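What follows is one structure encoded as structure tokens, with my remarks underneath.
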Amino acid sequence: MAQSRITLLVPDLPRRSEIEPYLKEIDEARWYTNFGPLCERLESGLRATFPKPYPALTTTVNGTLALELALASMHLPQGARVLIPAFTFVATASAVIRAGFNPVIADIDPSSWLLTPAIARSAMRQGRIDCVIPVAALGCPVPADEWDEFCAGTGIPVLVDAAGAFGNQMPGERIALAFSLHATKAFGIGEGGLVVSREDALIEQVRQLCNFGIDSSSGLAPFAGTNAKMSEFHAAVGLASLNRWAARRRMREALHRRYCSELIRSCPGITMQTRPSDGSYTILQVLLPALADRDDVADHLAIQNIETRAWYLPLLPQHPAYAGVGKCEIPVARELAPRMLGLPFHLDLSEEDISRVCTSLADAPGLNSRHPK
């Protein structure tokens, strides 16, 4: 008898019954978009999830536009060169290009898989850099204090692509953050984005760009914007998600600890990203031993009816759209990429599912001497 399928990712959004009270408010108010009352309440609630003093923030229609409009609000010079890591989702690069700037691709740290201040400083010695977008890869937060220090020491602005790191990535004093609230994120609302900063003027400009660039006090548009306002319907899902956020976050933290503990016990040959153990994650990606072939391992797990994926891969310069952009040497990213494999990770996993994944992985080619490569 075939084993039941263990799915890679299952979105965790509130049920219809949890959302319906907010939909009733929309019906009664007949206000559907344009920074409506539910959107304002959601922003207030999200602000309170950060440590005091609370930062300024604004919602957007999705995470990619959060990144693009935050970048467009940083007053960079025409043709600015924006440093981004090779290991990230393609939206990081596309947001830079759509904002009118030039991406420059950099390497990552071999332990955290992040673009670090040290790597950014090395890139600066190879060419001009006008802005840096470190990515909270796979939900792992970047060190806000270190990037604040980088900003202070270099004068270069930093915008963190924290797409999948809501609840993990904290603001600094100088850096700005852009989150995704996509259905696949730990705090998901279907589609949505969030820009967070201690700089009120930056948030005000992002909000203005979301509304076609129109200045609400004068009704004039001093610069061209777009329509990136969050609808009241998405805010309704957001408010329902906010009601359950604390509990779901604890569940994700507990799942991550149990899962990692079992992987370490069962599969000593693998390595995991160095990241906080108490994070609220939606992705668990492992680094296979050098002798293992990722395709063989993935095929082995597929036979066991276990779904896998190589997240953030191929690397950015391996995509045709970004093959010709500026780049530094990326030896670490190139060495690690072929060995990365994403495992099932979601709140529907049972203890038996976790055990089955770990046992199957331990028995895969290149991880078990009985099944050599």
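The values are calculated or read from the model by the stated rules, or taken from the named source; none is laboratory data. Keep in mind it's a predicted model, so treat the numbers as computed, not measured. Every residue, glycine among them, receives a Cβ derived from its backbone with ideal geometry; neighbour counts consider all protein chains shown.
Looking only at the range 184-230, filter to residues that are of a type in the set (S, T, N, Q) and over 19 Å from the mean Cα position of the chain (by Cα); which one of those is surrounded by the most Cβ atoms within 10 Å (Cβ to Cβ)?
Applying the filter and picking the extreme gives Q205.
Residues in the range 353-369 that are under 13 Å from G269 (Cα atoms) and among the aliphatic types (A, V, I, L, M): how many?
4
Before we move on, is N168 in contact with a Gly (Cβ under 6 Å, 6 or more places away or on another chain) and assigned by TED's automatic domain parsing to the domain that holds P51?
yes
I want to confirm something. Restricting to the range 271-280 and keeping residues that are among the hydroxyl-bearing types (S, T, Y) and under 24 Å from E335 (Cβ atoms), which single residue is surrounded by the most Cβ atoms within 10 Å (Cβ to Cβ)?
Taking the candidates together, the pick is T271.
Please go through the range 205-224 and pick out each residue that is of a type outside the set (K, R) and in contact (Cβ under 8 Å) with a residue 60 or more places away in the chain.
Across the range 205-224, the qualifying residues are Q205, V206, L209, C210, N211.
Given the structure, is A337 within 17 Å of Q273 (Cβ to Cβ) and either touching a helix residue (DSSP H, G or I) at 6+ places or on another chain (Cβ under 7 Å) or not in a loop (DSSP other than H, G, I, E, B) (or both)?
yes
Looking only at the range 100-114, which residues are under 19 Å from M272 (Cβ atoms) and free of Cβ contacts under 8 Å to residues at least 40 places away in the same chain?
Within the range 100-114, L114 is the sole residue that qualifies.
Let me spell it out: the conditions are (1) touching a Leu at 6+ places or on another chain (Cβ under 6 Å); (2) closer than 21 Å to L9 by Cα, and L209 meets all of them except one. Which number is the exception?
It fails just one condition, (2).
For the range 72-89, give me each residue that is in contact (Cβ under 8 Å) with a residue 60 or more places away in the chain and not in a strand (DSSP E or B).
A72, S73, M74, L76, A86, F87, T88, F89, listed by residue number.
Here is a yes/no grid of residues against (1) more than 29 Å from F345 (Cβ to Cβ); (2) outside the structural domain of V158 (by TED's automatic domain parsing); (3) surrounded by 22 or more Cβ atoms within 10 Å (Cβ to Cβ):
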| position | (1), (2), (3) |
| --- | --- |
| F89 | no, no, no |
| N102 | yes, no, no |
| R125 | yes, no, no |
| I129 | yes, no, no |
| A136 | no, no, yes |
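Given the conditions (1) within 30 Å of Q126 (Cβ to Cβ); (2) modelled with pLDDT of 95 or more; (3) among the acidic types (D, E), and given that D296 satisfies all but one, which numbered condition is not satisfied?
(1)
Out of everything in the range 143-163 that is in contact (Cβ under 8 Å) with a residue 40 or more places away in the chain and out of contact with any Ser or Thr (no Cβ under 7 Å at 6 or more places or on another chain), what residue ends up being surrounded by the fewest Cβ atoms within 10 Å (Cβ to Cβ)?
So the residue we want is P157.
Name the residues in the range 122-138 that are part of a helix (DSSP H, G or I) and either under 21 Å from L177 (Cβ atoms) or among the small types (G, A, S) (or both), would you?
S122, A123, A137, L138
Applying the selection to the range 47-63, what residues are more than 14 Å from E232 (Cα to Cα) and surrounded by fewer than 24 Cβ atoms within 10 Å (Cβ to Cβ)?
Of everything in the range 47-63, those that are more than 14 Å from E232 (Cα to Cα) and surrounded by fewer than 24 Cβ atoms within 10 Å (Cβ to Cβ) turn out to be R47, A48, T49, F50, P51, K52, P53, Y54, P55, A56, L57.
What are the residues in the range 340-362 that are surrounded by fewer than 19 Cβ atoms within 10 Å (Cβ to Cβ) and either at pLDDT below 95 or assigned to a helix (DSSP H, G or I) (or both), if any?
Hits for the range 340-362 are E351, E352, D353, S355, T359, A362.
Just give me the residues in the range 100-121 being farther than 23 Å from Q285 by Cβ and of a type in the set (V, I, T), in sequence order.
V104
Determine whether E149 is part of a helix (DSSP H, G or I) and over 15 Å from T60 (Cβ atoms).
For E149, the condition - part of a helix (DSSP H, G or I) and over 15 Å from T60 (Cβ atoms) - is met.
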